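Trainee: Submitted below is the structure of interest, expressed as structure tokens.
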Amino acid sequence: MKIRVGHLYPDYLNIYADRGNIAVLAERARARGHELEVRAIGLGGAVPAGEVDLFYVGGGQDREQALVARDLLTKREALHEAVEAGAAFLAVCGGYQLLGRSYRDVAGADLPGIGLLPLETVAGTRRMIGDVLLDCAWAGETLAGFENHAGRTILDEGAEPLGRVLHGFGNDGASGFEGCRHKRVYGTYLHGPLLPRNPWFADLVLADALAHAGGEPALAPLEDGLEREAHDVSARRARARGGRR
Ligand code: GLN
């Protein structure tokens with residue numbers, strides 16, 4: 001099958017090896033006989049309705065977020081429609097914040113979000129930096145990654161986090177929640193990058209995208225020894241010093 005990825009703002013939101021996440025998806029798709037077709041959707045670019053199985057948006061600093069936020073609003077309706085129709089969406093860090101309703105940056109400026117996820121973010125004065133380990137009980141798995149953000153994200157009552165923080169700060173350093181998931185949309189502060197060290201999550205996102213593409217979402221297991229080792233190294237670091245100021 002061809003899995004069509006729409007990479008939003010790769011020229012602006014691309015820190016923390018976000019491209020590495022796409023490379024992992026491409027490789028894991030290829031290993032199962034599928035092909036990942038990645039197209040960039042930039043400033044002024046249209047969202048090709050119905051032609052994207054997975055949207056991806058990466059991280060960026062406040063400056064880059066301010067540059068894309070207004071443009072993202074013009075894509076709001078098309079992105080909501082796509083998600084309603086079953087498209088998957090993975091958003092990391094700065095991109096995650098913009099999927100909420102709003103982001104107040106460090107300078108106090110309010111950036112509008114597109115409200116795909118039930119949350120709001122306000123920047124604090126101290127950055128939350130370090131390794132993170134999450135318990136994703138809904139999947140029976142853990143996620144290991146690295147966070148670096150000033151934004152404190154508050155989920156609406158009843159919203160589903162991506163995971164519970166075992167070690168690290170997570171959304172706001174206080175709630176014990178990290179990330180958010182809704183339908184096939186996943187938002188998270190975890191990068192480092194995220195997918196190379198969490199192969200189960202890469203496959204979950206791929207399976208969601210395949211389901212939208214009309215394919216069989218079952219993916220044959222891969223030999224993930226190196227990936228598991230990377231996860232374990234990251235998890236150990238999180239246990240040792242995640243969430244320290
Ligand atoms: N600018 C946002 C923050 O610091 C997002 C940072 C990022 O993408 N790393 O909260």
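No lab work stands behind these numbers, since they all come straight from the coordinates. Keep in mind it's a predicted model, so treat the numbers as computed, not measured. Positions of Cβ are generated from backbone atoms using ideal geometry, with glycine treated the same way; all protein chains shown enter the neighbour counts.
Trainee: Applying 1/(1 + (r/R0)^6) with R0 = 22 Å to the Cβ-Cβ distance of Ser175 and Arg101, what FRET efficiency is obtained, to the nearest 0.05?
Mentor: 0.85
Trainee: Next question. Using all alpha carbons of the stretch 11-75, what is the percent of pairwise distances in each 5 Å bin, ordered from the shortest bin to the longest?
Mentor: With a bin width of 5 Å, the distribution comes to 3, 15, 23, 23, 18, 11, 4, 2.
Trainee: A follow-up question, please. Stokes-Einstein diffusion coefficient for the stretch 1-127 at 10 °C in a medium of 1.306 mPa s, Rh from the Kirkwood formula over Cα pairs: what value in µm²/s?
Mentor: It comes out at roughly 107 µm²/s.
Trainee: The stretch 176-216: Rg/Rh from Cα coordinates, Kirkwood Rh?
Mentor: On the Cα set of the stretch 176-216, Rg over Rh gives 1.01.
Trainee: Using 18 Å as the cut-off for backbone N distance, which residues of the stretch 180-199 belong to the label zone defined by a point 7 Å from the Cα of Ala211 along Cα→Cβ?
Mentor: 180-187
Trainee: How big is the chain by Rg and Dmax over its Cα atoms, in Å?
Mentor: When restricted to Cα atoms, the chain yields Rg and Dmax of 16.6, 48 Å.
Trainee: Report the label-to-label distance for Leu43 and Leu222 in nanometres (one decimal), using points 7 Å from each Cα along the Cα→Cβ vector.
Mentor: 3.5
Trainee: A further question on this structure: What is the spin-label model distance, in nm, from Asp11 to Glu229 if the labels are put 7 Å beyond Cα along the C-beta direction?
Mentor: Placing both labels 7 Å along Cα→Cβ, they lie 4.0 nm apart.
Trainee: Answer with one residue from Met128, Cys93, Gln65: the one whose Cα lies farthest towards the positive end of the charge dipole of the stretch 38-128, charges on Cβ with Lys, Arg +1 and Asp, Glu -1.
Mentor: Value: Met128.
Trainee: Note down the nm distance, to one decimal, between modelled labels 7 Å out along Cα→Cβ at Glu35 and at Lys2.
Mentor: Roughly 0.7 nm, to one decimal.
Trainee: Using only helices, what value at 222 nm comes out for the chain when you add -39,500 (n - 2.57) per DSSP H run of length 4 or more and divide by the total residues, to the nearest 500 deg cm²/dmol?
Mentor: -9500 deg cm²/dmol
Trainee: Report the FRET efficiency, 1/(1 + (r/R0)^6), for Glu27 and Leu67, where r is their Cβ-Cβ distance and R0 is 41 Å, rounded to 0.05.
Mentor: The calculated FRET efficiency here is 0.85.
Trainee: Still on this structure: Comparing Gly170, Gly86, Gly94, which has the greatest mean-square fluctuation in the GNM of the chain with Cα pairs linked when under 10 Å apart?
Mentor: Its mean-square fluctuation being the largest, the pick is Gly86.
Trainee: Could I ask something else about it? Starting from the exponent 0.38 and prefactor 2.2 Å, build the expected Rg for the stretch 89-228 from its residue count and divide its actual Cα Rg by it.
Mentor: 1.05
Trainee: May I pose another question? Rank the residues Arg181, Arg164, Arg197 as a footprinting-exposure proxy: fewest other Cβ atoms within 10 Å of their Cβ go first.
Mentor: Arg164, Arg181, Arg197
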